[in-house]
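The values are calculated or read from the model by the stated rules, or taken from the named source; none is laboratory data. Since the structure is predicted, the reported quantities are computational estimates derived from the model, not experimental observations. For neighbour counting, all protein chains shown are included, and Cβ atoms are generated from backbone atoms with ideal geometry for every residue, glycine included. Just the protein is used for accessible areas: all its heavy atoms, side chains included, with ligands, DNA and RNA removed. Shrake-Rupley method; radii C 1.70, N 1.55, O 1.52, S 1.80 Å.
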Amino acid sequence: MSSLDHPAVAKVAAALAEAGKHDAAAGIRILPAEVRTAAQAAEALGVETGAIANSLVFRAVFADRTVPLLSLTSGAHRANTDTLAALVGAESVEKADPAFVREHTGQAIGGVAPVGHPAPVLTLVDTALQAYDTVWAAAGHAKSVFPTTFADLVAVTGGRPADVAS
């Protein structure tokens with residue numbers, strides 16, 4: 001099976017197409033090697049690190065529940081967990097372990113896409129990504145990416161634009 005045939009990549013392509021983002025779905029690229037960091041993805045694509053939308057899954061802890069929080073963060077900086085907690089009204093935001101990430105996204109760390117999850121995930125989209133005409137996001141596998149825009153990331157995820165690094 002090629003990476004493009006990988007079930008998670010197929011789900012991402014279907015989710016993009018269903019959202020009317022046919023160019024993004026058709027633009028899924030399979031890279032020669034896994035790119036588990038923004039720097040690796042940027043190098044493989046020949047773009048600035050900031051144009052990579054890191055899909056970072058956290059555990060948002062509220063008084064009565066814990067939910068996944070997806071921060072689509074520019075590769076140029078790091079998400080601040082205190083800021084993320086304040087943005088979503090959580091008591092805290094903590095790093096998620098691989099099992100939690102897979103349970104809520106259906107994807108493995110290093111290849112988590114903004115879409116294609118079993119259920120909608122609370123999402124913040126880093127406003128720093130607005131600086132790039134084309135933003136690259138993971139497509140469900142550590143060797144796959146797709147081109148998109150800041151506005152389309154907000155639209156397809158139902159996410160909220162936010163300064164996640166402050």
Tell me, which residue of the stretch 141-164 that is at pLDDT below 95 and out of contact with any strand residue (DSSP E or B) (no Cβ under 7 Å at 6 or more places or on another chain) is farthest from H77 (Cα to Cα)?
H141
If the requirement is being surrounded by fewer than 19 Cβ atoms within 10 Å (Cβ to Cβ), more than 23 Å from A151 (Cβ to Cβ) and of a type in the set (D, E, K, R), which of these qualifies: E43, E48?
E43
Between a first residue in the stretch 129-141 that is closer than 13 Å to A113 by Cα and a second residue that is of a type in the set (F, W, Y), which pairs have beta carbons less than 9 Å apart while being 6 or more apart in sequence or on different chains?
V135/F150; W136/F146; A137/F146; A138/F146; A139/F146
Going by the conditions given, is K95 in contact (Cβ under 8 Å) with a residue 24 or more places away in the chain, crowded, with 21+ Cβ neighbours inside 10 Å, touching a helix residue (DSSP H, G or I) at 6+ places or on another chain (Cβ under 9 Å) and of a type outside the set (S, T, Y)?
no
Condition set touching a Gly at 6+ places or on another chain (Cβ under 6 Å) and part of a loop (DSSP other than H, G, I, E, B), scope the stretch 118-166, selection nearest to G89 (Cα to Cα): answer is P118
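Okay, residues lined up against (1) closer than 24 Å to P98 by Cα; (2) modelled with pLDDT under 95; (3) open to solvent by 50 Å² or more (accessible area, probe 1.4 Å):
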site: A33; (1), (2), (3): yes, yes, yes
site: A38; (1), (2), (3): yes, yes, no
site: A53; (1), (2), (3): yes, no, no
site: L56; (1), (2), (3): yes, no, yes
Residue check for G50: over 17 Å from K143 (Cβ atoms), of a type outside the set (A, V, I, L, M) and assigned to a loop (DSSP other than H, G, I, E, B)
no
Can you work out which of the residues in the stretch 76-86 that are in contact (Cβ under 8 Å) with a residue 24 or more places away in the chain and open to solvent by 20 Å² or more (accessible area, probe 1.4 Å) is nearest to Y132 (Cα to Cα)?
A76
Return yes when A63 is free of Cβ contacts under 8 Å to residues at least 40 places away in the same chain, open to solvent by 40 Å² or more (accessible area, probe 1.4 Å) and assigned to a helix (DSSP H, G or I) and no when it is not.
no
Just need a number here: residues in the stretch 142-166 that are without any contact (Cβ under 8 Å) to a residue 60 or more places away in the chain and among the aliphatic types (A, V, I, L, M).
2
Please work out which one of (1) surrounded by fewer than 22 Cβ atoms within 10 Å (Cβ to Cβ); (2) modelled with pLDDT of 95 or more; (3) under 19 Å from K11 (Cα atoms); (4) in contact with a His (Cβ under 9 Å, 6 or more places away or on another chain) is the condition E103 fails and give its number.
(4)
